[in-house]
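Participant: Would you mind keeping the following structure in view while I ask a few things?
The values are calculated or read from the model by the stated rules, or taken from the named source; none is laboratory data. These numbers come from a predicted model, not from an experiment. In this analysis, Cβ positions are derived from the backbone assuming ideal geometry, glycine residues included, and neighbour counts consider all displayed protein chains. Just the protein is used for accessible areas: all its heavy atoms, side chains included, with ligands, DNA and RNA removed. Shrake-Rupley method; radii C 1.70, N 1.55, O 1.52, S 1.80 Å.
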Amino acid sequence: MNPGLWPARLHHLRRDSPQPERLARFYGDLLGDSVEPLGVDTWLGAGRRRQLVVGRGEAGAVPFFALQVQDAAHLARLAREVKKQEPSPTLLFADGAFAVTDPDGRRVVFGLPENQKSEEGLPGRLQHFVCATTRLAEVVKFYSGLGMLESDRVLEGEALSACFLRSDPEHHSFAAFRAPESRPDHHCYETNGWLDIRDWADRMGRLGIVLWWGPGRHGPGNNLFFMIEDPDGHKVEFSAELELMPKEAPYRTWPHEQRTLNLWGSAWMRS
């Protein structure tokens with residue numbers, strides 16, 4: 001029996017960079033969020049239902065992401081069920097948080113927030129993280145084993161090319177794409193609707209940031225979106241109208257083609 005992860009939501013993640021302060025300031029300007037030192041060569045950006053830790057490391061790296069569980073009882077139950085635990089790497093969760101390492105070496109942290117941060121700024125809740133991987137079947141098995149549920153599979157013939165998994169009713173809190181190398185793919189901020197997508201795109205225009213992909217609508221998740229790149233080339237998505245799926249809903253399948261990833265036009269194909 002898989003651990004009882006449901007429901008859990010992405011609370012924060014860590015982005016690494018050879019120039020962490022520069023990257024943290026970029027996200028502060030991008031999102032209109034506060035930026036403050038968190039430790040040696042580490043910075044915290046915080047805004048309206050979003051927090052981002054930026055540290056020194058390899059450009060584009062995401063060494064961990066952190067899922068907030070429901071309450072202390074949920075965390076204690078999960079701690080009894082999850083095997084091969086490691087100490088939590090984040091300062092943003094209270095005592096009792098713990099981590100596990102996925103097949104690509106990325107840590108997944110489970111816990112409860114130490115403090116609640118700012119609720120000011122444009123709506124854009126940190127909602128999901130996606131990776132590319134050379135070990136897609138292993139990665140899907142690992143996250144399913146933590147209690148995530150498959151929402152959609154993308155198939156090239158009979159071969160799996162992508163999988164979207166949820167840890168609460170939102171279509172995916174994590175996804176993985178088959179690719180020639182294992183790396184972070186993107187993280188996403190979920191807004192309240194189409195007009196928020198307009199407002200964020202207008203903000204990109206004022207900041208001189210070119211939209212890298214979109215606007216469009218994904219097939220899996222049915223969400224509106226656009227993406228930009230940060231200074232290290234990591235992709236950042238803004239989304240609206242992400243599909244909701246009940247816990248008992250079975251996964252669907254989609255063909256490996258551009259229209260699956262963008263119902264409106266061309267797509268970023270990872271493989």
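Participant: Taking just the C-alpha trace of the stretch 1-65, give me its Rg and Dmax in Å.
Facilitator: Just the Cα atoms of the stretch 1-65 yield Rg and Dmax of 13.4, 45 Å.
Participant: Here is a further query. With r as the distance between the Cβ atoms of ASP202 and LYS247 and R0 = 30 Å, compute the FRET efficiency 1/(1 + (r/R0)^6) and round to 0.05. Intermediate results must be reported in sequence, preceding the final value.
Facilitator: Values: r = 37 Å, r/R0 = 1.23.
In this case the efficiency is close to 0.20.
Participant: Evaluate Rg over Rh across the chain, taking Cα atoms for both radii and Kirkwood's formula for Rh. Working shown, then result.
Facilitator: Values: Rg = 17.5 Å, Rh = 18.7 Å.
Rg/Rh for the chain comes to 0.93.
Participant: Separate question: Using a 1.4 Å probe over the heavy atoms of the protein chains, calculate the carbon and sulfur portion of the accessible area of the stretch 97-148 as a whole percent. Write down the numbers at each step before the final one.
Facilitator: Details: 860 of 1930 Å².
About 45 percent, which is the carbon plus sulfur part of the accessible surface.
Participant: Let me ask you something else. Work out which trypsin sites (Lys or Arg not before Pro) in the chain are exposed loop sites (DSSP not H, G, I, E or B, at most 16 other Cβ within 10 Å) and give the longest gap free of them. Show your work: numbers first, answer last.
Facilitator: Details: sites that count: LYS83, LYS84, ARG135, LYS247.
It works out to 136-246.
Participant: Which value, in debye to the nearest 20, describes the size of the charge dipole of the stretch 193-250 about its Cα centre when Lys and Arg Cβ atoms bear +1, Asp and Glu Cβ atoms bear -1, and nothing else is charged? Intermediate values should be presented prior to the final figure.
Facilitator: Details: 6 positive and 10 negative charges, 26 e Å.
The dipole of the stretch 193-250 has a size of about 120 debye.
Participant: Under a Cβ-only charge scheme (Lys and Arg +1, Asp and Glu -1), can you give me the dipole magnitude of the chain about the Cα centre, in debye to the nearest 20? Show your work: numbers first, answer last.
Facilitator: Details: 32 positive and 37 negative charges, 58 e Å.
Once rounded to the nearest 20, the dipole reads 280 debye.
Participant: Round to a whole angstrom and tell me the spacing of the C-alpha centers of the stretch 30-52 and the stretch 188-238.
Facilitator: 20
Participant: Treating the beta-carbon of each Lys and Arg as +1 and of each Asp and Glu as -1, no other charges, what is the dipole magnitude of the stretch 162-271 about its Cα centre, to the nearest 20 debye? Walk me through the intermediate numbers first.
Facilitator: Working: 12 positive and 16 negative charges, 62 e Å.
For this selection, approximately 300 debye.
Participant: Would you please give the FRET efficiency between GLU81 and LEU155, computed as 1/(1 + (r/R0)^6) with r the Cβ-Cβ distance and R0 = 25 Å, to the nearest 0.05?
Facilitator: On the way: r = 31 Å, r/R0 = 1.23.
Once the sixth-power term is evaluated, E becomes 0.20.
Participant: Find how much the distance from LEU91 to SER144 grows on full extension, using 0.36 nm per residue of separation minus their present alpha carbon separation; answer in nm with one decimal. Please report the intermediate quantities before stating the final value.
Facilitator: Details: separation 53, 0.36 × 53 = 19.08 nm, distance 2.64 nm.
Roughly 16.4 nm would be gained on extension.
Participant: Follow-up question, since we're still on this one. Of GLN258, GLY45, LEU207, which is farthest towards the positive pole of the chain's charge dipole, taken about the Cα centre with +1 and -1 on the beta-carbons of Lys, Arg and Asp, Glu respectively?
Facilitator: Value computed over the given set: GLN258.
Participant: What 222 nm value per residue comes from the helices of the chain, counting each DSSP H run with n ≥ 4 as -39,500 (n - 2.57) and dividing by all residues, nearest 500 deg cm²/dmol? Could you put the intermediate results ahead of the total?
Facilitator: Values: 5 runs with 50 residues, N = 271.
Helix contribution divided over all residues of the chain: -5500 deg cm²/dmol.
Participant: Could you derive backbone 3J(HN,Hα) for the stretch 58-75 from the dihedral phi with the Karplus parameters 6.51, -1.76 and 1.60 (θ = phi - 60°), listing whole Hz in sequence and x where the residue is Gly or Pro?
Facilitator: In residue order, the calculated couplings are 5, 4, x, 6, 10, x, 7, 10, 10, 9, 8, 8, 6, 6, 5, 5, 4, 5 Hz.
Participant: Right, here's the next one. Mind checking the stretch 54-138 for GluC sites (Glu not before Pro) that DSSP puts in a loop (not H, G, I, E or B) and that have at most 13 other Cβ atoms within 10 Å?
Facilitator: Numbers: sites: GLU58, GLU81, GLU114, GLU119, GLU120, GLU138; in loops: GLU58, GLU114, GLU119, GLU120.
Loop-located and lightly packed - GLU58, GLU114, GLU119, GLU120.
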